[in-house]
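Chemist: Next up is a structure, given as structure tokens.
What follows is calculated from the coordinates using simple rules that are stated; it is not laboratory data. Since this is a predicted model, take the numbers as computed values, not measurements. Please note: Cβ atoms are built from the backbone with ideal geometry, for glycine as well, and neighbour counts cover all protein chains shown.
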Amino acid sequence: MTTTTIETTTDQKTQFLQETLTGLQSEPKFMLSKYFYDATGDRIFQQIMDMEEYYLTNAEMEILQYQADQLSQAIAADGSSFDLIELGAGDATKSIHLLNSLMSSNLEFSYLPIDISAHVIDDLEENLPKKLPGLNMTGLNGDYFDMLKRAAELSNRRKVVLFMGANIGNMNIADAEKFCISLKEILSPNDFLIIGFDLKKNPQKILAAYNDQAGITKSFNLNLLNRINKELDGNFNLEYFDHYASYDPASGACKSYLISLKNQIVNIGNQAVHFAENEHVYMEISQKYSLADIDQLAEKTGFKPLQRFFDQNQYFVDAIWKVD
Ligand SMILES: C[S@@+](CC[C@H](N)C(=O)[O-])C[C@H]1O[C@@H](n2cnc3c(N)ncnc32)[C@H](O)[C@@H]1O
């Protein structure tokens with residue numbers, strides 16, 4: 001077993017402060033969803049994944065549980081060794097099925113999980129080798145592209161990039177295009193991307209997943225205010241903000257917001273931010289796709305769609321693309 005953690009060299013706290021203030025000084029205000037994931041955010045996200053309403057996890061889990069061997073055959077390609085790089089690995093409970101299948105087919109590969117949450121990478125480092133003895137793994141803690149460049153410098157083997165959990169949906173379509181183009185520029189011809197999309201479906205089903213009765217999604221969003229209080233010396237009062245989710249079936253955009261319940265001033269470090277009563281702060285998009293949208297995204301950004309894997313309800317798809 002080889003396990004190495006490489007911590008990012010960027011000053012994450014300064015960046016967190018700058019990006020938070022930029023968002024809250026903009027009109028309309030916004031926050032960046034990548035900051036949801038501190039240790040508490042990771043824990044609340046686990047609860048979201050366990051919610052009855054949050055169909056996404058079970059749908060993609062079903063694909064990985066029952067079709068890991070077909071996925072691993074597809075990425076084995078000519079049988080040459082490769083690096084399996086997972087963007088936003090989280091707790092890897094889904095990808096572990098693919099790792100298992102790859103290990104039992106005796107393919108030579110290294111697993112490089114990338115995650116912005118140091119807690120996630122520490123956890124993977126501690127627990128994954130126990131579950132998969134013999135796994136060759138290098139954890140990379142930092143932002144997707146900083147760490148992808150780091151991963152590309154570590155070896156010149158072919159790359160298979162895993163981007164699951166509908167993380168691509170946390171970008172609007174224009175940003176998703178830019179993201180795929182940047183990804184393609186780092187990769188080489190014939191490298192693979194396995195990318196998960198949540199499909200357009202009954203709007204009520206989608207909305208319920210982001211607006212659960214128990215208020216877990218609300219606490220997930222509010223936790224970012226807590227994180228700012230703790231890490232950036234903020235004084236948000238969480239009782240003065242509410243969560244609001246909306247889904248537009250025409251565009252496929254499911255958006256979540258925090259709503260200021262009163263006219264208030266919040267301090268973050270030495271900066272004061274004014275919130276008007278009912279002012280919204282845009283928190284996150286969860287973009288839904290049709291199969292045609294997905295193929296179009298691949299073609300526009302320099303990838304060739306190869307294969308698709310669905311759950312039995314056809315709620316979700318993991319698509320395999322090759323760099324064209
Ligand atoms: C929605 S979870 C999905 C986890 C896992 N892929 C799954 O499907 O269960 C998103 C993960 O991506 C990470 N993440 C979000 N934005 C990131 C970024 N810009 N760079 C690196 N990791 C990021 C988060 O810390 C979190 O662990």
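Chemist: Report, as a whole number in µm² per second, the diffusion coefficient that Stokes-Einstein gives for segment 166-205 at 25 °C and 0.890 mPa s using the Kirkwood radius over alpha carbon pairs.
Modeler: Rounded, D is 208 µm²/s.
Chemist: Shifting gears a bit: Counting only Cα atoms, I'd like the Rg/Rh figure for segment 141-286, Kirkwood definition for Rh.
Modeler: Result for segment 141-286 is an Rg/Rh of 1.05.
Chemist: Can you give the angle from 0 to 90° between the axis of helix 173-186 and the longest principal axis of the chain, with both taken from C-alpha atoms, to the nearest 10?
Modeler: Taking Cα atoms only, the helix is inclined about 40 degrees.
Chemist: Let me ask you something else. Starting at 0 and stepping by 5 Å, how many percent of the alpha carbon pairs of segment 131-188 end up in each bin?
Modeler: 4, 14, 23, 25, 18, 10, 4, 2, 0
Chemist: Report the local net charge at Ala76: Lys and Arg +1, Asp and Glu -1, summed over other residues whose C-beta lies under 13 Å from its C-beta.
Modeler: The answer is -2.
Chemist: Among the GluC sites (Glu not before Pro) in segment 88-178, which ones are in a DSSP loop with at most 13 other Cβ atoms within 10 Å of the Cβ? Mind listing them?
Modeler: Glu108
Chemist: In addition: Past 32 Å, Cα to Cα, is the threshold; run Lys131/Lys230; Lys13/Lys218; Lys130/Lys205; Lys201/Lys262; Lys178/Lys200; Lys159/Lys218 against it and keep the listed order.
Modeler: Pairs exceeding the cut-off: Lys131/Lys230; Lys130/Lys205; Lys201/Lys262; Lys159/Lys218.
Chemist: Then there is this: Whole-Hz ³J(HN,Hα) for each residue in segment 289-305, computed from phi via Karplus 6.51 cos²θ - 1.76 cosθ + 1.60 with θ = phi - 60°, x for glycine and proline: what do you get?
Modeler: Those phi angles translate into 10, 8, 5, 5, 4, 5, 5, 5, 4, 4, 5, 5, 10, x, 10, 10, x Hz.
Chemist: Between Lys205 and Met171, what is the spin-label point distance in nm, taking each point 7 Å from the Cα along the Cα→C-beta axis?
Modeler: Rounded to a tenth, the inter-label distance reads 2.7 nm.
Chemist: Continuing with this model, one more query. Does anything in segment 82-104 have its amide N under 19 Å from the 7 Å Cα→Cβ label point of Tyr66, and if so which residues?
Modeler: From segment 82-104, the list is 94-99, 101.
Chemist: Now for a separate question. Percent antiparallel among DSSP beta bridges with both residues in the chain, to the nearest 5?
Modeler: 55
Chemist: While we're looking at this one, here's another question. Add +1 for every Lys or Arg and -1 for every Asp or Glu among the other residues with Cβ under 11 Å from the Cβ of Thr40, and state the total.
Modeler: +1
Chemist: In whole angstrom, note down how far apart the Cα centers of segment 180-259 and segment 105-175 are.
Modeler: With segment 180-259 and segment 105-175 each reduced to a Cα centre, they are spaced 21 Å.
Chemist: Apply the a/c threshold of 1.5 to the C-alpha gyration tensor of segment 51-138 and tell me whether it is rounded, prolate or oblate.
Modeler: Verdict is oblate for segment 51-138.
Chemist: Applying a 10 Å radius around every beta-carbon, put 262-268, 50-56 in order of their mean neighbour count, most first.
Modeler: Ranking, from highest mean packing down: 50-56, 262-268.
Chemist: Taking H as built 1.01 Å from N, whose amide H comes closer than 5 Å to the amide H of Glu86, not counting residues under 5 places away?
Modeler: For Glu86, whose amide H was placed from the backbone, the distant partners under 5 Å are Leu112, Ile114, Leu162.
Chemist: Per residue, what volume in Å³ does the Cα convex hull of the chain take up?
Modeler: 128
Chemist: Give me the mean projected area, in nm² to one decimal, of the convex hull enclosing the Cα positions of segment 1-106.
Modeler: Convex hull of Cα atoms, orientation-averaged projection: 10.0 nm².
Chemist: Using modelled amide H (1.01 Å from N, peptide plane; none on Pro or chain starts), what sits under 5 Å from the amide H of Phe236, excluding residues fewer than 5 places away?
Modeler: Asn229
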